[in-house]
Structure formats: structure tokens, C-alpha cells
Amino acid sequence: MHLKGNVTEWILGGVGGRQYHRHRASEFAQQEGADARTLLDDLEQILREADSVLAQLTPQDLERPLVIQDRETTVLAAVYHVVEHFAMHAGQIIFLTKMYAPNKIHFYEDASGLAVPTWHRGTSLDEAPH
């Protein structure tokens, strides 16, 4: 919910000019709701919409000033904010997964001395190795 809200506010609303309503605090307070598959599907839909907004940008658009969350920024800085935000939360999720389920996820095979990715490009979450 939180990542969906962030992308909606910063990319769809801020960069794309789309009207939105976000109540950020409720993204953290929510205790019940949709199952994981539905949440991921919803997030993927928002990311497709964000991709559409970003695909329309020109190099000149990247310097365009914006105000998001009462902060003066630019289109490029807004994009970087969302990328950084995703990376931070992905790191938190990976850390917690490794902490609570040791040896359950592996991103690289290191036996040969090289870091060989254990995932394949273009696979869905359901097909990705665990």
C-alpha cells in the first residue's frame, strides 16, 4: 500500500499531473485487507501507469520544477526519489526475510567464485527461484 501510494503521489500525480487522494498514515495503520497476490497485482498496475507517464517525458521535462509534499523538486528528482524509495524498502524486506527465514533466498550462486545470478530476466514472481 505504501509503495503504491508513493508512486501515485510522486509519479502519477506529481510528474503526470493526475488527480489523486492519498492518506499516507493509513498506509501504515492498515491491519487487514487484500491478500499478497492482489496487493502485488495492484502495485504492478500502478507501475505500468507510472511507466506510461515516464515514457512520455522528454529530456527537457526532466528539469521541470514541481512541488510534491510541499517540497520544491524537479521531475528528475521525483523519479530518483521513487527509485530510491523502492530500493530502501526492498532492502528492508530482503533483510527481514533473511533474518526470519535464513538461507531461504539466494540471489547469486557463488560456488564458482563468480557471482552468477540465480534469477532469469523476464520471469514472473511465481517463476522466480527461491
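The values are calculated or read from the model by the stated rules, or taken from the named source; none is laboratory data. Because the structure is a prediction, the values reported are computed rather than measured. When we count neighbours, we look across all protein chains shown, and the Cβ atoms used for this are built from the backbone with ideal geometry, even at glycine. Ligands, DNA and RNA are excluded from the accessible area calculation, which covers all protein heavy atoms including side chains. Shrake-Rupley method; radii C 1.70, N 1.55, O 1.52, S 1.80 Å.
GLY5: part of a helix (DSSP H, G or I), modelled with pLDDT of 95 or more and out of contact with any Pro (no Cβ under 6 Å at 6 or more places or on another chain), yes or no?
yes
When you look at GLU84, is it charged (D, E, K, R) and either open to solvent by 100 Å² or more (accessible area, probe 1.4 Å) or modelled with pLDDT of 95 or more (or both), yes or no? Here the answer is yes, as GLU84 does meet what is asked. Scanning the stretch 93-110 for residues that are open to solvent by 90 Å² or more (accessible area, probe 1.4 Å) and either not in a helix (DSSP H, G or I) or not aliphatic (A, V, I, L, M) (or both) gives PHE95, LYS98, TYR100, ASN103, LYS104, HIS106, TYR108, GLU109, ASP110. Any residue that is open to solvent by 50 Å² or more (accessible area, probe 1.4 Å), assigned to a loop (DSSP other than H, G, I, E, B) and either closer than 21 Å to ALA87 by Cα or modelled with pLDDT of 95 or more (or both) - is there at least one of those in the stretch 41-49? Taking every residue of the stretch 41-49 in turn, none turns out to be open to solvent by 50 Å² or more (accessible area, probe 1.4 Å), assigned to a loop (DSSP other than H, G, I, E, B) and either closer than 21 Å to ALA87 by Cα or modelled with pLDDT of 95 or more (or both). Can you tell me which residues in the stretch 44-68 are without any contact (Cβ under 8 Å) to a residue 12 or more places away in the chain and farther than 21 Å from HIS2 by Cα? ALA55, GLN56, THR58, PRO59, GLN60, ARG64, PRO65 - these are the residues of the stretch 44-68 that are without any contact (Cβ under 8 Å) to a residue 12 or more places away in the chain and farther than 21 Å from HIS2 by Cα. Here GLU72 clears all of (1) in a loop (DSSP other than H, G, I, E, B); (2) open to solvent by 80 Å² or more (accessible area, probe 1.4 Å); (3) farther than 13 Å from GLU9 by Cα except the condition numbered (1). Checking ALA78, ALA90 one by one, the residue that is aliphatic (A, V, I, L, M) and free of Cβ contacts under 8 Å to residues at least 12 places away in the same chain is ALA90 and no other.
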